[in-house]
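A quick write-up on the structure given underneath.
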Amino acid sequence: MITIRVPLDGRSYDVFVGHGARSELSAMLPSTARRVAVVTQSGIPLEVDPGLPFECFEIGHGEEHKTLHTVETLCRGFASIGLTRNDVVVSVGGGMVSDVAGFAAASWHRGVAVVHVSTTLLGMVDAAIGGKTGVNLPVAGVDGLDKLGGKNLIGAYWQPSGVICDLDALATLPPRELRCGRGEMAKYHFLTGDDLLTMSEAERIARCVQIKADIVADDERESGRRALLNYGHTLAHALETETGHSLAHGEAVAIGLVYAAHLAHRLGRISRERVQRHYDVVRGIYELATDLPEGISRERLVHLMGFDKKVLGDGLTFVLDGPSGVEVVAGVSAADAFAALREMPA
């Protein structure tokens, strides 16, 4: 078992990584807890025993269930079992489950403890760590937020009491789910230069957790350095929205990483060789697709990127590579963003 500490003032917590890690769940629960609300989805191949009386609540699969209605339904369920602010919510699933369960926990009685048991590679290396929770809010009549857009527009920072990454769950995942996790791993590659695939599975996941823990400890609420974790995500979120989420998150991040390299080159921040390095890593090392989906509108993608939550002032905001490494760059023109997309193969 590998333990990584996420150091936060008065709210530090541990992340356990290893086979059979779910056996540590009861030790992570608050001492005040008398009952547990387990939030999960049908088909999750991992059973947990929190060691206290518990009730399971299943949420739907897919982004169309990542809504305020789902949170309301969960909270009504919490009320039905008499869940108090001294009790605990346990999420068991991937990133969607931890996002929704975490937001419900942050809202119930203005905040009840939550522990995440992550069952996907993407959740283990990213979604379950750091305390970001949220749901989507499609906005009728606003082009770009009217379908499955408005990604994570409503949410809260609510740190878990602990996170469990049980590697037993990974053996049950289909290849596409593993690719999604590798998209986030490729991002960490560019943030640190680590060659994660040379490590063992447990070491690789623990290293990703450590990288994120260090950044979150330095900037919990994304006022500065934490924004770097969005490398590749500005285009990724636009791609997810425009494809109706037929393109999964990690797949979209992989494309977003190479797009960010093209844009950085257009702005004179990196060389053509550095752009090629992005292809070498994303496509060569992590074996992820880097082409835009066939038939997608580049004009629409630029439009959608204008709704990104990271936009600062005029123009578009991106996380881009450069002479000093990856950093936030504001004020990027739509013309430059479009021109970089034109360089992307489809």
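Each peptide in 292-299, 28-35, 111-118 gets a packing score, the mean of other Cβ atoms within 10 Å over its residues, and the list from highest to lowest is 111-118, 28-35, 292-299.
In summary, the aspartates and glutamates within cross-link reach of K132, defined as a Cα separation below 14 angstrom excluding same-chain residues under 8 places away, comprise D99, D219, E220, E222. Electrostatic bookkeeping for R35 treats Lys and Arg as +1 and Asp and Glu as -1; over the other residues with beta carbon under 15 Å from its beta carbon, the sum is -1. Each label point was placed 7 Å from the Cα along the Cα-to-Cβ direction; for D291 and D219 their separation is 3.5 nm. In the chain, the longest principal axis of the Cα atoms and the axis of helix 175-192 are about 70 degrees apart. In the elastic network of the chain, a GNM with C-alpha springs shorter than 10 Å, the most mobile of D314, D336, D166 is D314.
Add +1 for every Lys or Arg and -1 for every Asp or Glu among the other residues with Cβ under 10 Å from the Cβ of R179, and state the total. Within the 10 Å Cβ shell, the charges total -1. Summary of the geometry: the stretch 84-126 and the stretch 195-245, compared by the centres of their Cα atoms, lie 18 Å apart.
Using Cα pairs closer than 8 Å and at least 6 residues apart in sequence, work out the relative contact order for the stretch 233-299, in percent. Before the final figure, lay out each step's value.
Values: 59 pairs, mean separation 18.8, N = 67.
Result for the stretch 233-299 is 28 percent.
Of the residues H19, H278, H69, the one that moves most in a GNM of the chain with alpha-carbon contacts below 10 Å is H69. For the listed peptides 53-59, 121-127, a ranking on the average number of other beta carbons within 10 Å per residue, highest first, reads 121-127, 53-59. Note that the stretch 104-111 has calculated 3J(HN,Hα) couplings of 4, 5, 5, 8, 5, 6, 6, x Hz, one per residue in order, obtained from phi through the Karplus relation 6.51 cos²θ - 1.76 cosθ + 1.60 (θ = phi - 60°); glycine and proline are x.
Taking V90, V281, V100 in turn, the Gaussian network model of the chain (Cα-Cα springs below 10 Å) assigns the largest fluctuation to V281. Taking amide H as placed 1.01 Å from N in the peptide plane, A156 has its amide H under 5 Å from the amide H of T133, G134, each at least 5 places away in sequence or on another chain. Dimensions of the chain from C-alpha coordinates, computed as largest minus smallest value along each principal axis and given longest first, are 58, 48, 37 Å.
Rule-based calculations on the coordinates, nothing more; no lab input. Predicted model, so just to flag it, every value in this text is computed and none were measured. Quick reminder, even Gly has a Cβ in these numbers, built from the backbone with ideal geometry, and neighbours come from all protein chains shown.
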